[in-house]
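In what follows, a single structure is set out as structure tokens and then discussed.
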Amino acid sequence: MGLLKRMETVFKSKMNKVVNRMEDPRETLDYSYEKQLELLQNVKRGVAEVASSKKRLQLQRAKLLQSTDKLEKQAKDALAADREDLARLALERKAALMQQVEGIDGEIAELEKQEEKLIASEKRLSTKVEIFRTRKESIKAQYSAAEAQVRINESVTGISEEMADVGLALERAENKTDEMKARAEAIDELMEAGTLEDLTGSRDEIERELAKISTQSSVESELTRLKAESGKEPEEAGK
């Protein structure tokens with residue numbers, strides 16, 4: 001039984017967490033406000049019903065008084081006609097009606113007390129409902145503002161994470177660029193120091209001198225050929 005009890009407690013705890021995540025306090029406030037309005041409407045309906053009942057009793061009382069006035073007149077007319085027995089009967093009926101009037105007066109007085117209480121309750125409840133409505137709208141506005149701020153912060157956090165990734169990529173690119181620049185400068189320094197041979201540059205001094213000798217030999221050979229073709233001997237050319 002202990003294990004089942006603990007499992008039930010854990011289950012209820014998890015369910016409460018789920019409900020709390022799903023619950024929107026604005027909807028809860030609106031629902032509470034609607035229930036209070038329903039209660040206020042019930043009180044107003046009660047006031048209206050009491051007032052209606054009192055009005056019916058007042059109309060009934062007025063009719064009874066009219067009847068008593070008529071019976072009193074009948075009693076007077078009976079006495080004038082020397083019919084005391086009829087006069088007595090009319091007065092007896094009048095007395096019975098007056099008892100009903102007294103009973104109605106008591107009921108009307110009771111209804112008036114109830115009406116006063118209900119009206120006082122209605123005023124107090126109406127004030128409380130209005131205060132709750134004002135407070136409810138204020139809380140809803142604050143919640144909506146906080147919710148919007150959370151969404152903005154979440155968006156900014158997401159952007160920050162993306163910008164952090166971009167920043168890392170830029171940093172890696174800059175590091176690569178600096179590394180390539182350093183390698184290029186190092187190679188330039190080695191070439192200037194003669195440590196490395198620039199295969200695309202000019203030839204060394206020995207190659208240049210050998211090239212000059214080869215060029216001069218070729219020129220002399222061509223010059224001798226041209227003189228021979230023109231019939232001039234080297235000696236004549238010397239004279």
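The values are calculated or read from the model by the stated rules, or taken from the named source; none is laboratory data. Please read these numbers as outputs of a predicted model, since none were measured by experiment. No Cβ is skipped: glycine too gets one built from the backbone with ideal geometry, and neighbour counts run over all protein chains shown. For the accessible areas, the whole protein counts, side chains as well, though only heavy atoms, and no ligand, DNA or RNA atoms are used. Shrake-Rupley method; radii C 1.70, N 1.55, O 1.52, S 1.80 Å.
Conditions (1) open to solvent by less than 90 Å² (accessible area, probe 1.4 Å); (2) at pLDDT below 75; (3) out of contact with any Leu (no Cβ under 8 Å at 6 or more places or on another chain), marked per residue:
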| site | (1), (2), (3) |
| --- | --- |
| S138 | yes, no, yes |
| A145 | yes, no, yes |
| E161 | no, yes, yes |
| E189 | no, yes, yes |
| T200 | no, yes, yes |
| A211 | yes, yes, yes |
Expected single match for outside any helix (DSSP H, G or I) and either touching a residue at least 12 places away in the same chain (Cβ under 8 Å) or open to solvent by 70 Å² or more (accessible area, probe 1.4 Å) (or both) among D82, D69, D77, D30 is D82
Those residues of region 40-61 which are within 21 Å of R135 (Cβ to Cβ) and exposed (fewer than 14 other Cβ atoms within 10 Å of the Cβ), in sequence order
Q41
In region 85-105, which residue that is among the aliphatic types (A, V, I, L, M) and without any contact (Cβ under 8 Å) to a residue 12 or more places away in the chain is most open to solvent (accessible area, probe 1.4 Å)?
L89
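State all residues of region 106-120 that are acidic (D, E) and touching a residue at least 60 places away in the same chain (Cβ under 8 Å); if no residue qualifies, say none. Step through it out loud before you land on a result.
Start the filter on region 106-120 by keeping residues that are acidic (D, E), which leaves 107, 110, 112, 115-116.
The one that is acidic (D, E) and touching a residue at least 60 places away in the same chain (Cβ under 8 Å): E115.
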